[in-house]
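Please treat every number below as a calculation from the coordinates, not as lab data. None of the values given here were measured: they were computed from a predicted structure. Positions of Cβ are generated from backbone atoms using ideal geometry, with glycine treated the same way; all protein chains shown enter the neighbour counts.
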Amino acid sequence: MAGTITEKILKDHIIEGEAKAGSEVALRIDNTLTQDATGTMAYLQFEAIGIDRVKTEFSVSFVDHNTLQTDFKNADDHIFLESIAKRYGLYFSKPGNGICHQLFLERFAKPGNTLIGSDSHTPTAGGMGSFAMGAGGLDVACAMAGAPFRIKYPKIVGIELTGKLNPWVSAKDVILEVLRRVDVKGNVGKVFEYFGPGVKTLSVPDRATITNMGTETGCTTSIFPSDDVTLAFLQAQDRGEDFKRIEPESDAVYDEVIKINLSEIEPMVALPHSPGSVKRVREVGPIKVEQVAIGSCTNSSLRDLKVVSKILKGKTISEKLHTFISPGSRQVVEHLVEEGDYVDLVRSGVRIMENACGACIGMGCAPASNSVSVRTFNRNFEGRSGTRDAKVYLVSPETAAATALKGVLTDPRDIGEYEDIKLPDSFIINDNMIIKPLSEEEAQQVEVIRGPNIKPLPSFEPLPDALEGNVLIKVEDNITTDHIMPAGARILPFRSNIPEISKFVFEAVDPDFYKKARENNGGFIIGGENYGQGSSREHAALAPKYLGVKAVIVKSFARIHLANLINFGIVPLTFKNPEDYDKLDEGDKLVVEIGDLSEDCVLKNLTKGTKIELEHTLSEMDAQILKAGGKLPWIKKQF
């Protein structure tokens, strides 16, 4: 009998494959979500598959990333997304309604359901007991068309929580403690499942903060039980009928167990430029801060912002810095207004931004040059804030608010008495910014509206048996998808225009990459450990493919990016001997005989006259997808 939460949910959803760690399984997907930065491409791909209506229980399209409208591009894409939702039977959350993960938790997430989303922080719904995973947009498009989603059956890491958080310590400190222990790599193929008596002390928003930022560990997903706490939250959201109890058995067996006593956790901080570089706030000391940012999908819930308002009530933020808040949803804002917290925030001097992702993806509020920004966000990669030399620290809402008052990084335990926060027994429900799916008959009459920036999908040819070309770039460990395909207000508007967005590939690492790729007719990328960590953005694979990248050869890959490379016909290979990484240089001319990708292969370095053994983890289906030129031509044949 399946004992863990993960085993129970996967048992109900596996339609092919063996429930054995490392074995590929195909999962039935109940729900999907997209956001506008990745959704436009996902829906272009869905259209190309040729299915007339989404086949999931329900799917939701959100607009939350690219709400800064400096010209027609973003506005046109939002109209496209709304018309697509009406035509193909999706829910559509309009711009300004809120951040996809916060909204999905409030209004859509169901315990026991499987969910994939074209955003790496989709595991937020794991705080509700959903088995939720980030994926590339093409995988989401295929799931909407009724195809299963394939993963390696995970190792299940049990994180046993005991004790209770002390005043001034919150869920963000818990996940920072987890990251301090496990770091941002080495967790591919694992699920982090939380259990133990400490779980009962955490609210659903608390749990969602932990599962959201669990993404930074590189695991497949994170998940909490669905219990009485879950039921109370769903009832408060007027969704009690969605409750399903899912708890681990008393004799559940985990592949590994990590023990955390909540009573022993202190306020924590992740140092620049990695979410895994974690210390206690008091260890780091009172460093000068120029900006404080509160919000993002990690910490924009009502609980988080009420904590901040209570700390700032009757006070003024330090003249040494400025502070802004991005609420997670209109529901959160309505409660802040109704209960007086909004006024307290405004009077303290805080800037209140739109209910959107905003600064987290470099969409406004970039820090000053060489400054320190303290943020409640989930990522602090170099340059992600919009300012290359800014130093971003990740903290809890309590630490952020204390820092805003003092002007220096401050342990919140040093600012006075803690005031407990109570969530309402009944939330304000107003879904008038969510457009429900039309009937099939009505949907047939809808015209999909396309602005001039939406370009047709590029098509790619089947792969030859041998790949030839030069090394275009050689990069180090922990290269993120922000390095490969930056976000921000300057670049994101081109997300539905692959020829244009491809000009920005690796811009922050090598400004000449686009020129080199064009002059060399494509080639190879060489990288270190954990290549492609971070965002699920498939443009980090699709745009390099458009530039002719044939293979990426690294020491190890992050899970979602590996899948995206396969989806777009770029061969992902790893060094059999990691030290061989040192034997390759930019400009080397290579030949790799891949054949049918049924076995490992050998790289021939024609420049140096050497050979290097390579390997891969491709399944037979992965190989077929690659040889076909990518998943889109492959899936069209299946349907």
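Over the Cα atoms of the stretch 54-202, compute the convex hull volume and normalise it per residue, giving Å³.
Numbers: hull volume 22.8 nm³, N = 149.
Taking only Cα atoms, the stretch 54-202 has a hull volume of 153 Å³ per residue.
Give me, ordered by chain and number, the residues 5 or more places off residue 24 or on other chains with an amide H under 5 Å from its own placed amide H.
Hits under the 5 Å cutoff: 153.
Per-residue ellipticity at 222 nm for the chain, helices alone: DSSP H runs ≥ 4 residues times -39500 (n - 2.57), over residue total, nearest 500 deg cm²/dmol? Don't skip to the answer; put the middle values down first.
Numbers: 21 runs with 181 residues, N = 639.
Helix contribution divided over all residues of the chain: -8000 deg cm²/dmol.
Output the 0 to 90 degree angle, nearest 10, between the alpha-carbon long axis of helix 72-88 and the longest principal axis computed from the alpha carbons of the chain.
Approximately 90 degrees, to the nearest 10.
Rounded to the nearest 20 Debye, what is the dipole magnitude of the stretch 37-140 about its Cα centre when Lys and Arg each give +1 and Asp and Glu each give -1 at the C-beta? Before the final figure, lay out each step's value.
Details: 8 positive and 11 negative charges, 60 e Å.
Using only the charged Cβ atoms, the result is roughly 280 debye.
Quote the Stokes-Einstein diffusion coefficient, in whole µm² s⁻¹, for the stretch 268-414, based on the Kirkwood radius over alpha carbon pairs, a temperature of 10 °C and a viscosity of 1.306 mPa s.
Details: Rh = 14.8 Å.
Answer, rounded: 108 µm²/s.
Quick check on the stretch 491-561: take the gyration tensor over C-alpha atoms, sort the square-rooted eigenvalues as a ≥ b ≥ c, and tell me if it's rounded (a/c under 1.5), prolate or oblate.
Because a/c hits 1.5 or more and a/b fails to exceed b/c, the stretch 491-561 counts as oblate.
Taking each pair of different alpha-carbon atoms in the stretch 403-469 once, compute 1/r for the pair, average those values, and report the inverse of that mean as the Kirkwood hydrodynamic radius in Å to one decimal. List each step's numbers first, then the result.
Details: mean 1/r = 0.0477 Å⁻¹.
Final number for the Kirkwood radius of the stretch 403-469 is 21.0 Å.
Testing the spin-label approximation: label points 7 Å from Cα along Cα→Cβ at residue 347 and residue 258. State their distance in nm.
4.2 nm
Do any of 152/631; 576/604; 11/244; 576/627; 244/279; 555/589 go past 26 Å between their Cα atoms, and which?
Table pairs above 26 Å Cα-Cα are 244/279.
Which whole-Hz couplings ³J(HN,Hα) result when phi for each residue of the stretch 186-196 is put into the Karplus expression 6.51 cos²θ - 1.76 cosθ + 1.60, θ = phi - 60°, listed in order with x for Gly and Pro?
Karplus values, whole Hz, x for Gly and Pro: x, 10, 4, x, 10, 10, 9, 10, 8, 8, x.
Kindly put 617, 215, 6 in sequence by how many other C-beta atoms sit within 10 Å of each C-beta, fewest to most.
Working: 617 15, 215 31, 6 27.
Ranked by crowding around the Cβ, least crowded first: 617, 6, 215.
Using 0.36 nm times the number of residues separating residue 519 and residue 490, minus their current alpha carbon distance, what extension gain do you get?
Values: separation 29, 0.36 × 29 = 10.44 nm, distance 2.49 nm.
Net length gain for the segment: 8.0 nm.
Applying 1/(1 + (r/R0)^6) with R0 = 51 Å to the Cβ-Cβ distance of residue 16 and residue 72, what FRET efficiency is obtained, to the nearest 0.05?
On the way: r = 45 Å, r/R0 = 0.87.
Efficiency, rounded to the nearest 0.05: 0.70.
Let me see the P(r) profile for the stretch 5-264: every Cα-Cα distance counted, bins of 5 Å, each bin given as a percent of all pairs.
P(r) over the stretch 5-264, rounded to whole percents: 1, 6, 14, 18, 19, 16, 13, 8, 4, 2, 0, 0.
Compute the signed sum of charges (Lys and Arg +1, Asp and Glu -1) over the other residues within less than 12 Å, Cβ to Cβ, of residue 560. Write down the numbers at each step before the final one.
Values: positive: 537, 559; negative: 119, 139, 538.
Neighbour charge sum, excluding residue 560 itself: -1.
Do any trypsin sites (Lys or Arg not before Pro) in the stretch 94-202 lie in a loop, going by DSSP, with at most 14 other beta-carbon atoms within 10 Å of their beta carbon, and if so which? All intermediate terms of the calculation are to be shown ahead of the outcome.
Values: sites: 107, 150, 152, 155, 164, 172, 180, 181, 185, 190, 200; in loops: 164, 185.
Sparse-neighbourhood loop trypsin sites (Lys or Arg not before Pro): 164.
Please quote Rg/Rh for the stretch 466-630 to two decimal places, taking the Kirkwood radius as Rh and restricting both calculations to Cα atoms. Intermediate values should be presented prior to the final figure.
Working: Rg = 14.6 Å, Rh = 15.6 Å.
Reported Rg/Rh, Kirkwood definition of Rh: 0.94.
Please report the antiparallel percentage of the DSSP beta bridges confined to the chain, to the nearest 5. Please list the in-between numbers first.
Details: 30 of 88 bridges.
Restricted to the chain, the bridges split so that about 35 percent are antiparallel.
Using only Cα atoms and rounding to the nearest 10 degrees, what angle (0 to 90) does helix 36-49 make with the longest principal axis of the chain?
Around 40 degrees separate the two axes.
Mind sorting 199, 343 by how few other Cβ atoms lie within 10 Å of their own Cβ, fewest first?
Working: 199 21, 343 13.
Sorted ascending by nearby Cβ count, the order is 343, 199.
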